[in-house]
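Q: Sharing a structure, written as C-alpha cells. Questions coming.
Here, each number is a calculation from the coordinates, and none is a lab measurement. Just so it is clear, the model here is predicted, and its values are computed rather than measured. Cβ coordinates were reconstructed from backbone atoms using ideal geometry, including for glycine residues, and neighbour counts include every protein chain displayed.
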Amino acid sequence: MSSPVQITPQPQTGGVARPSGASPPTLDIVRCSRCQQSLSLGQSGSSIVQFGMNSYYCGRCAAKVGFGE
C-alpha cells in the first residue's frame, strides 16, 4: 500500500505568473492640491509637480501658481 500524499494549496496570483520573491507592481495615486484631480505617479506623459512632502500639483495648476515647466 502506498503512503498518503499531502497537497499544499498554492496562493492565488490572479492568473499572473510571477517569479517567486517578486513583489506586485505598485501604482501610486495622488491628488492635485489645488483642483483635486487624481494623478498617477507611475504614468508617463502626465506632468506632476511635487512642491512639498506628499504635496503635488498637476501640470495645469503648477503653471497657474508659478511652478510652470
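Q: For Ile29 and Arg60, what is the calculated FRET efficiency with R₀ set at 22 Å and r taken between the beta-carbons, to the nearest 0.05?
A: Plugging the Cβ-Cβ distance into 1/(1 + (r/R0)^6) gives 0.80.
Q: Moving to a separate point now. In nm, to one decimal, how far is the Gln36 label point from the Met53 one, both placed 7 Å along Cα→Cβ?
A: Label-label distance for Gln36 and Met53, simple model: 2.5 nm.
Q: Using a 7 Å offset from the Cα along the Cα-to-Cβ direction at both Ser46 and Phe67, what is the distance between the two label points in nm, to one decimal?
A: Simple spin-label model gives 1.5 nm for this pair.
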